[in-house]
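**Q** What follows is a single structure, and I will ask about it in a moment.
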Amino acid sequence: LSIGIGIAGTGEVGGEVVRILRQKSGLLMQRCGVELEIVKASYRSRRPPPDLLPDEVITTSLDEVVEDPRAQIVVELLGGIDDAYRVITGALQRGKSVITANKAVLAAHGGLIFARARESGAALGFEAAVAGAIPIISSLRNSFVAETFHRFYGILNGTTNFMLSRMQEGMPYSEALRLAQEKGYAEADPSLDVEGTDAAQKLALLSSLLFNTPIPPNVFTQGITDLTENDIRYASDLGYTVKLIASARRLDEGLELSVRPTLIPSGHELAHIQNEYNALFIKGDNIGQSMFYGLGAGGRPTASMVVSDLVRVARSLEKGTSSFPVFFNSEMIPLVPIEEHRSPFYLRFGVMDQVGILAKISTILAEHGISLSGAWAKTVSNNVISLVVATHQTRSGDVYQAVKKIDASEGLTSGSSPVLPINDLRNGEK
Ligand SMILES: NC(=O)c1ccc[n+]([C@@H]2O[C@H](COP(=O)([O-])OP(=O)(O)OC[C@H]3O[C@@H](n4cnc5c(N)ncnc54)[C@H](OP(=O)(O)O)[C@@H]3O)[C@@H](O)[C@H]2O)c1
């Protein structure tokens, strides 16, 4: 069996897909009985070496990749939205199967793309779009089909987890970011990672599969840009580790989705996930709790997941069967507004060391119905202290409003005060 492949984009991931297909052709034939032949591959400015892709295969035209009649499967590894959307839908319209690692285009236009795939009967593989080398998408699409899910949480962004690991060791945010960029984990423009957008796009895709719902457009997202190494140290003093947690909960009133830097117990498995690794917990009604762990990004691990989709699609093309189950019905589930999410909170206020400050702050918190489980004064410099406050379980909206009022009160705090949820992740119930 030989299947023609067109690859749009031969950068970090695309280049590694080509390398794996070249280096592992014998193994793939032995294991899977398929020969995957690259018939066209595109680049824009960085041409891959000619020994990897000869002149007759390489092009700078995306249309040539999509339109080549020999390309039965088109692999989109461009990134971005508009051109990627054009390549994906152009290939699906021609009845070609598509594989992509692009969570941004799926989060933005997934509904239309899935509809196109359904109409054309072609396969759409996107294992590599979520959690790098962790095969969570194929587990959800193929293995956990009898599960009803109520809970998901995890670390879905390797760059920020790498940075938080360094900050845990005392490194300031700006240095941790610089190191992540130096190691190639963070882009020159790191905003998609540090502002939580990348994790939110992945959570949206996962939620669609977990809860059979159209890809939710507005996941509440709070990045790590306002975190300081002091917050991480204070959290640690209280027995918590700060992680950028993507969380989904199915409640009677709707779906509670968020990506937020969260204090989790330092003894929890997720607190031990270091560097660029990702980890995910899901809870199904039959299987109970399941944990996945692995490299969350990187050209080679991501490319390996693209190849896994390629092999699956190629084998089904031979048999004329569908490679992935098609979800016939999806149910529109409303999102619970962030204001209604409930948890205990960690708050930090930079205040002048004066009598009565704590009383003023706790009065405003009490006016919003927020009770404290503890308060600690941490000296930062001569006259300024960091006042760390932990609250009991409370409505997010009340906490956001109270902190806004405190920050707006003349002479009370310096700058805007961080508001971080505390989640004990106990039994996966919270
Ligand atoms: N890198 C990872 O660790 C990772 C992990 C998981 C998922 N992904 C996803 O995989 C996809 C590819 O990422 P990557 O890291 O491989 O990116 P990359 O290194 O920037 O490679 C992208 C490739 O596509 C080309 N390209 C980009 N936009 C184009 C356009 N509009 N027209 C024509 N060619 C274009 C680039 O050309 P130039 O060289 O000229 O820019 C390059 O060849 C993205 O969707 C990303 O989110 C990446």
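**Q** Considering 398, 424, which residue is part of a loop (DSSP other than H, G, I, E, B) and under 29 Å from the mean Cα position of the chain (by Cα)?
**A** Step by step, each of 398, 424 is checked, and only 424 is part of a loop (DSSP other than H, G, I, E, B) and under 29 Å from the mean Cα position of the chain (by Cα).
**Q** Still on this structure, please answer the following. Can you name the residue in the stretch 97-124 that is open to solvent by less than 20 Å² (accessible area, probe 1.4 Å) and over 17 Å from the mean Cα position of the chain (by Cα) and is also nearest to residue 159 (Cα to Cα) among such residues?
**A** 99
**Q** Would you pick out the residues in the stretch 33-61 that are open to solvent by less than 30 Å² (accessible area, probe 1.4 Å) and either farther than 22 Å from residue 1 by Cα or not β-branched (Val, Ile, Thr) (or both)?
**A** Quick first cut of the stretch 33-61, residues open to solvent by less than 30 Å² (accessible area, probe 1.4 Å) only: 34, 36, 38-42, 48, 52-53, 57-59.
Selection gives 36, 40, 41, 42, 48, 52, 53, 58, 59.
**Q** Being of a type in the set (A, V, I, L, M, F, W, C) and open to solvent by 10 Å² or more (accessible area, probe 1.4 Å) is the filter here; which residues of the stretch 1-20 pass it?
**A** Selection gives 1, 13, 20.
**Q** Same structure again: Can you go through 370, 361 and tell me which one is in a helix (DSSP H, G or I), without any contact (Cβ under 8 Å) to a residue 60 or more places away in the chain and surrounded by 18 or more Cβ atoms within 10 Å (Cβ to Cβ)?
**A** Working: 370 fails: in a helix (DSSP H, G or I).
Testing whether each residue is in a helix (DSSP H, G or I), without any contact (Cβ under 8 Å) to a residue 60 or more places away in the chain and surrounded by 18 or more Cβ atoms within 10 Å (Cβ to Cβ) leaves just 361.
**Q** Which residue is surrounded by the most Cβ atoms within 10 Å (Cβ to Cβ), if the candidates are limited to the stretch 294-315 and must be among the small types (Gly, Ala, Ser) and within 14 Å of the ligand (Cβ to nearest atom)? Walk me through how you get there before you give the answer.
**A** First, the residues of the stretch 294-315 that are among the small types (Gly, Ala, Ser): 294, 296-299, 303-304, 308, 314.
Still in the list and also within 14 Å of the ligand (Cβ to nearest atom): 294, 296-299, 303-304, 308.
Numbers: 294: 16, 296: 32, 297: 24, 298: 18, 299: 17, 303: 25, 304: 20, 308: 19.
Per the criteria, the residue is 296.
**Q** If we keep just the residues of the stretch 176-196 that are under 13 Å from the mean Cα position of the chain (by Cα) and over 23 Å from residue 150 (Cα atoms), which is surrounded by the most Cβ atoms within 10 Å (Cβ to Cβ)?
**A** Restricting to residues being under 13 Å from the mean Cα position of the chain (by Cα) and over 23 Å from residue 150 (Cα atoms), the top hit is 193.
**Q** Could you check the stretch 102-124 and list, in sequence order, the residues that are within 13 Å of the ligand (Cβ to nearest atom) and outside any helix (DSSP H, G or I)?
**A** Across the stretch 102-124, the qualifying residue is only 102.
**Q** Yes or no: residue 80 in contact with a Leu (Cβ under 8 Å, 6 or more places away or on another chain), within 12 Å of the ligand (Cβ to nearest atom) and within 26 Å of residue 117 (Cβ to Cβ)?
**A** Considered against the rule, which asks whether it is in contact with a Leu (Cβ under 8 Å, 6 or more places away or on another chain), within 12 Å of the ligand (Cβ to nearest atom) and within 26 Å of residue 117 (Cβ to Cβ), residue 80 comes out as no.
The values are calculated or read from the model by the stated rules, or taken from the named source; none is laboratory data. Everything numeric here is computed off the predicted structure, so don't read it as measured data. All Cβ positions, even for glycine, are placed from backbone atoms using ideal geometry, and neighbour counts span all protein chains on display. SASA here: full protein model, heavy atoms, side chains in, ligands and nucleic acids out. Shrake-Rupley method; radii C 1.70, N 1.55, O 1.52, S 1.80 Å.
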